[in-house]
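**Q** First the structure, then my questions, so here it is.
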Amino acid sequence: MPLEKYIDHTNLKPTATTADIEVLCKEAIEYNFYAVCVNGCYVSSAKNVLRGTHVKIAAVVGFPLGAMSSKAKVLEAVDCIENGADEIDMVINIGWLKSKDYDAVRAEIEAIKKAIGDHVLKVIIETCLLTNEEKEIACTLAVEAKADFLKTSTGFGTGGATLEDVALMKRIVGDNAKIKASGGIKTHEQALKFIELGVSRIGTSSGPSLIQ
């Protein structure tokens, strides 16, 4: 599969304008990227630009901290789908995970997946804030909750995707879920190394330069 089909072309900046999102979408069309990834308020704007094209829309939920109520996350996810999103990238409740409230973490993921049905659910575990044991547990809980993808990072934490974290995630999830590497991936060579490890999607704000 060509590199461009791995890419979720991303702009999640708090300062992103409607014009910025329009540029993002037009670049995704030009470079034949798989999807754009945007904040929920811009799903409709992205849909207007991308209508009639192959480019998917991923919307973030519970972003970037993951600490709002489960009910709020479910409602946010449903709203994004109703406005035209094809995929949801949700942030887990990291505090619950660290509190060892694993049932709550699993139940939240399950609730969002149930609410969005056949639409793709990616679960962001924010690896930079977790121990290796916590990463393994988070991956296991997401798989048990029927998530479609595990995702490394929001890009707003203290670190992004690493080859070591992706290898760990792949070891835990096997073929039971796909992996999205996101955060700090800015070069063609970096992207290829992650793909060699088995990721199915690359989240990056540097899509055009990465391809070039």
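Just so you know, all these numbers are worked out from the coordinates, no wet-lab data involved. As the structure is a computational prediction, the values presented were derived from the model and not from experiment. All Cβ positions, even for glycine, are placed from backbone atoms using ideal geometry, and neighbour counts span all protein chains on display.
**Q** If packing is taken as the mean number of other Cβ atoms within 10 Å per residue, what is the order of 193-201, 120-128, 143-151, highest first?
**A** Listed from highest to lowest mean packing, they are 120-128, 143-151, 193-201.
**Q** Can I get the semi-axes of the chain's equivalent ellipsoid? Compute them from the C-alpha gyration tensor as square roots of 5 times the eigenvalues, in angstrom, largest first.
**A** In descending order, the three semi-axes are 25, 20, 14 Å.
**Q** Could you name the aspartates and glutamates whose alpha carbon sits less than 13 Å from that of residue 113, not counting residues in the same chain fewer than 8 places away?
**A** Straight-distance partners of residue 113: 76, 86, 87, 89, 144, 148.
**Q** Which residue fluctuates most in the GNM of the chain (Cα springs below 10 Å): 160, 95, 62?
**A** Answer for the Gaussian network model of the chain: 95.
**Q** Output the pairs from 146/180; 47/178; 98/170; 47/180 with a Cα-Cα distance over 19 Å in this structure; if there are none, say none.
**A** Table pairs above 19 Å Cα-Cα are 47/178; 98/170; 47/180.
**Q** Name the shape class, rounded, prolate or oblate, that the alpha-carbon gyration tensor gives for the range 78-177, where a ≥ b ≥ c are the square roots of its eigenvalues, rounded holds for a/c under 1.5, and otherwise prolate holds if a/b is larger than b/c and oblate otherwise.
**A** Prolate, since a/c reaches 1.5 and a/b exceeds b/c.
**Q** With a cap of 15 neighbouring Cβ atoms within 10 Å, and only residues DSSP puts in a loop, list the trypsin sites (Lys or Arg not before Pro) found in the range 1-60.
**A** In loop regions of the range 1-60 (DSSP not H, G, I, E or B), the sparsely surrounded trypsin sites (Lys or Arg not before Pro) are 51.
**Q** Next up: Quick check: Cα centre of the range 40-93 to Cα centre of the range 140-212, how many Å?
**A** First find each Cα centre; the distance between them is then 19 Å.
**Q** Calculated from DSSP H runs of 4 or more alone, at -39500 (n - 2.57) each and per residue, what is the 222 nm mean residue ellipticity of the chain, nearest 500?
**A** -13000 deg cm²/dmol
**Q** Can you return the aspartates and glutamates within cross-link range of residue 26? Criterion is Cα-Cα under 15 Å, with same-chain partners fewer than 8 residues away left out.
**A** Correct list for residue 26: 4, 8.
**Q** Taking R0 as 35 Å, what FRET efficiency do you get between residue 67 and residue 44 from their Cβ-Cβ distance, rounded to the nearest 0.05?
**A** 0.85
**Q** Given 0.36 nm per residue, what is the gain on full extension from residue 192 to residue 107 after removing their alpha carbon distance, in nm?
**A** 27.2 nm
**Q** While we're on this one: How high is the relative contact order of the chain, in percent, counting Cα pairs under 8 Å that sit 6 or more residues apart? Present the calculation step by step, with values, prior to reporting the outcome.
**A** Details: 418 pairs, mean separation 37.5, N = 212.
Worked out over the chain, it gives 18 percent.
**Q** Any chance you could run the full-extension gain for residue 158 through residue 136? It's 0.36 nm times the residue separation minus the Cα-Cα distance, nm to one decimal.
**A** Contour length minus Cα-Cα distance gives 6.0 nm.
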